[in-house]
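Notes to accompany the following structure.
The values are calculated or read from the model by the stated rules, or taken from the named source; none is laboratory data. What you are looking at is a predicted structure, and each value in this text was computed from that prediction instead of being measured. Please note: Cβ atoms are built from the backbone with ideal geometry, for glycine as well, and neighbour counts cover all protein chains shown. Each accessible area value is taken on the protein alone, full model and side chains, heavy atoms only, with ligands, DNA and RNA left out. Shrake-Rupley method; radii C 1.70, N 1.55, O 1.52, S 1.80 Å.
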Amino acid sequence: MTRSARALMGSWLLLVGFLPVACSSLNEPTVVSHTRLALPAEPAKTGDSGPLAEVLRQVVCRAPVAAPSSPTEPRTETAALAEFSVDAVVAQVLARNPSLAQMTAAWQAAAARYPQVIALDDPMVGSMMAPASIGSNAVEFGYRLEVAQKIPFPGKRGLRGQSAQSEAAAAGSDVDDMRLQLIESAKSAFYDDYLVARALAVNEENQRLLKRFREEAKTRYEKGLVPEQDVVQADVELGRQQERGLTLERMRKIAVARINTLMHAPPDAPLPPPPERLRPADGLPSIADLRALSLTRRPDLRALSARIDADTAALALAHKEFCPDFEVTAAFDTIMGNGPTRDLAAQVGVRLNLPVQRQRRYAAVAEAEARLAERRAQLDGRIDQVNLQVQEAYEQVAESEKILRLYEDKLLPDARKNVEAARSAYETRTAPFLSLIEAQRSRTAILDRSYEALADYFRRRATLERVVGGALPRTE
């Protein structure tokens, strides 16, 4: 056997022997270096390895990758809040909540699709030989070396890239939508904690007043001015308020656990007390301005618009599938009637697929059109829902503003006057002790409801900010 025949036989055996090894290591992490293929102009002059072996070394040889670091790092404890305010809680939630990290990772994964879909397929390398020429004295050893590259029809890669970029933009808008939901949840949890803290303060104040009323009733009873029932009635009311205090303590722990969970901290981690006073904002923009603003700022609307762009690109790509793709080949051949004086004859060629299966392509176009129509209808329905959500949230905030003014201007002052009048009547023995207890109970309920109305106002305003797509513009 001639040296060239031995070299090609060795290259062929190397290819056949290497493929199982390469396939068995597909699941191992590797780093692919972008190496330009350079086919030698003539066979190697020394050694037993031929040109095919050299090409294989350039294509499939890869460097090993270092072992990846652990994907899960130990969770650190939440840093103590320097100031327990709604802005501080929101900042901690956005910095630490795993739901936002999950959505961000999904967006990064979608963004990584673009370079994949626009990339060309890997080039293919192959070899052939004429078995009858091996060891023949009549003809030279015949073999063929070939490299081929598939090239999509012009425009297909660009449309795939447009679709991937639009999907990535939609995933980015999903991250913004998750951010808005977390902000609303953080604010709602903060105002829940504020409400429970104020209710605890009211309960403590009420118990102090009831103890004072009891001491007065006891003094009067000892003097024979009032019956013993007044003292017992005060004890009963104190017991009811102590029971309410236990319930509020449980609610306080749950509110703290909810905030800590949003901040990715242990549920029982201590938190500073909320502020004693919250001041409502001044007025609201017009409902028409808020509806127009929501249509430009809502991330879910932007996500649907981006997905419509992706479906539009998918439809255009389905039409492009009626056009053929190409495969460019280059070969060095000694089989095709070449004599020994033309050891390696260069050849070039082009292959293309024949898009004759048109029913399949028509069905793909119909599917893409239907998906695009579905997405557009989904966007129209979402716009209607956004307008409804803005209207509903706006009316709730406007109602809360009126309720707060009612409590501040009328209900709270009247309740306070009622307690003073009942106490004065009891001291002058013109009203029973039960009237004083009822007046104090009514004042406590109204005070609790006023704080609840204030917390409702801020929670509803947080909902309005979410449905509008961000902070409300300032009013003049």
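Over all directions, what mean area does the Cα convex hull of the range 92-233 project, stated in square nanometres?
Values: hull surface 77.3 nm².
The orientation-averaged projected area of the Cα hull of the range 92-233 comes to 19.3 nm².
Could you rank ARG376, ARG360, ARG449 by how accessible they are, 1.4 Å probe, largest area first?
Numbers: ARG376 120, ARG360 150, ARG449 80 Å².
From most exposed to least exposed: ARG360, ARG376, ARG449.
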Problem - Cut-off 16 Å, label 7 Å out along Cα→Cβ of THR329, residues of the range 141-157 by amide N - result: 143-151
Fill in the blank from the handout: Computed on Cα atoms, Rg of the range 369-437 relative to 2.2 N^0.38 Å comes out at 2.42
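Kindly give Rg over Rh for the range 355-476, based on alpha-carbon atoms, with the Kirkwood expression for the hydrodynamic radius.
Details: Rg = 28.8 Å, Rh = 19.5 Å.
In the range 355-476, Rg relative to Rh is 1.47.
If Lys and Arg each add +1 and Asp and Glu each add -1, what is the summed charge of the other residues whose beta carbon sits under 9 Å from the beta carbon of MET124? Kindly include the intermediate steps, with their values, before the conclusion.
Numbers: positive: LYS150; negative: ASP121, ASP122, GLU146, GLU327.
Local charge sum for MET124: -3.
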Practice task
Multiply the residue separation of GLU276 and ARG240 by 0.36 nm, subtract the distance between their alpha-carbon atoms, and state the gained length in nm to one decimal.
Solution key: 10.5 nm
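Of LYS211/LYS417; LYS187/LYS402; LYS211/LYS402; LYS218/LYS417, which pairs sit farther than 27 Å apart, going by alpha carbon to alpha carbon? If you can, show how the numbers build up before the last one.
Working: LYS211/LYS417 20 Å; LYS187/LYS402 21 Å; LYS211/LYS402 35 Å; LYS218/LYS417 24 Å.
Going by Cα-Cα distance, LYS211/LYS402 fall outside the 27 Å limit.
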Problem - Virtual spin-label span in nm between SER286 and LYS150, 7 Å along Cα→Cβ - result: 5.9
Practice task
Rounded to the nearest Å, what's the spacing between the alpha carbon centres of the range 243-301 and the range 161-185? Just the number, please.
Solution key: 23
Fill in the blank from the handout: Once phi for every residue in the range 303-309 is put through the Karplus expression 6.51 cos²θ - 1.76 cosθ + 1.60 (θ = phi - 60°), the whole-Hz ³J(HN,Hα) values, with Gly and Pro written as x, are 5, 5, 4, 5, 6, 5, 4
Exercise for the section: Quick one: go through the range 428-465 and flag any residue whose amide nitrogen is under 15 Å from the point 7 Å out along the Cα-to-Cβ line of VAL232. Expected result: 433-434
Exercise for the section: Only Cα pairs under 8 Å and at least 6 apart count here; give the relative contact order of the range 230-349 as a rounded whole percent. Expected result: 10
Problem - In sequence order, calculated HN-Hα J values of the range 387-396 (Karplus, 6.51, -1.76, 1.60; Hz; x Gly/Pro) - result: 4, 5, 4, 5, 4, 5, 5, 4, 5, 5
Problem - J(HN,Hα) series, the range 287-292, from Karplus relation 6.51 cos²θ - 1.76 cosθ + 1.60, nearest Hz, glycine and proline x - result: 5, 5, 5, 5, 5, 5
